[in-house]
Each structure stands twice: as C-alpha cells, then as structure tokens.
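To keep things clear, I will list the structure first and then write my remarks on it.
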Amino acid sequence: ASRLLVASQEVASERPHAPLYLKLAGTGNPGEMRLTWLSTVSRTPVVRVGTAPGQHAYTFSGAVTTYSADEMCGAPANIPSARYFRDPGYIHQVVLLGLEPEVEYFFVYGAIDILNGMGD
C-alpha cells in the first residue's frame, strides 16, 4: 500500500510559457533545417539566426498547431479525460532557409512578442 510521505504548496514556474522540447531536424532539402518545440501558448513562432553569438541577422517565422482528443484514431486516446488524453499544448514549427554547409549558426527561438521584447 502506498502512503503520502511529503506534501508541499503548489510551485509556480518563473517562465510558464517557456518553449520546451526543442527538436532540430533536416527537411530533406539542402540548406534547410526545421525547428520544432512545444509551449503552452498559441503565438507566432520565430527563430532568429546568425553566425555569431548575439548577432542574429536573419528572422524566420512559422506555424503553430495542436490537436485534441476527438482527432485521435480510437479509444481510449480519443476520450476527452485526463486519464486517457494528455493535451499536448501548442506545437511550433519554423523552417530555416538558406543555410550553408560547414557554417556554425547561433539562434534564439520563441514567440514573436516575447523575442521582440528581449535583447539578443
């Protein structure tokens, strides 16, 4: 039998809308890479890219999507309850174009309104 050993008050994140689970992948086209991440907000995703830290000369924007329980293929995944379906949040994708081989790139990524308010 299990029993509660410790309890605490709810802990709030300092950055509740921060991007999570960044994935960088090729698109199959030379000179392109796709950045994908998750967040809790549906805001325009943006990636700023450059060839030196803090110097992001190029800006790319992308799309945001999500899915719900009713879009799942069958039970129990399509049952809208916390037991069977976990809300994925929002899926952000941005394709970076014009990248050159053998060049080191630096980037920042996130929602457009957040990046516009922060220094690179």
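Observations, loosely collected:
- Condition check for TYR84: surrounded by 10 or more Cβ atoms within 10 Å (Cβ to Cβ), closer than 19 Å to SER39 by Cβ and not aliphatic (A, V, I, L, M): no
- Scanning region 28-68 for residues that are outside any strand (DSSP E or B) and of a type in the set (Val, Ile, Thr), we see that the one that is nearest to ALA111 (Cα to Cα) is THR44.
- Yes/no for ASP87 being under 18 Å from the mean Cα position of the chain (by Cα) and assigned to a helix (DSSP H, G or I): no
- Residues of region 43-57 satisfying the condition of being of a type outside the set (D, E, K, R) and surrounded by 14 or more Cβ atoms within 10 Å (Cβ to Cβ): THR44, PRO45, VAL46, VAL47, VAL49, GLY50, HIS56
One line per residue, one yes/no per condition, for (1) without any contact (Cβ under 8 Å) to a residue 40 or more places away in the chain; (2) touching an Asp or Glu at 6+ places or on another chain (Cβ under 9 Å):
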{"residue": "ARG15", "(1), (2)": "yes, no"}
{"residue": "GLY26", "(1), (2)": "yes, yes"}
{"residue": "THR40", "(1), (2)": "no, no"}
{"residue": "PHE60", "(1), (2)": "yes, no"}
{"residue": "TYR84", "(1), (2)": "yes, no"}
{"residue": "TYR90", "(1), (2)": "no, no"}
{"residue": "PHE107", "(1), (2)": "no, no"}
{"residue": "GLY110", "(1), (2)": "no, no"}
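- Among residues of region 1-39, those that are hydroxyl-bearing (Ser, Thr, Tyr), on the phi < 0 side of the Ramachandran plot and either in contact with a helix residue (DSSP H, G or I) (Cβ under 8 Å, 6 or more places away or on another chain) or surrounded by 10 or more Cβ atoms within 10 Å (Cβ to Cβ) (or both), counted: 3
Read-outs throughout are calculated quantities, based only on the coordinates presented, and are distinct from any laboratory measurement. This one's a predicted model, so the numbers in the text were calculated from it and none came from an experiment. Virtual Cβ from ideal backbone geometry, glycine too; neighbours counted across all protein chains shown.
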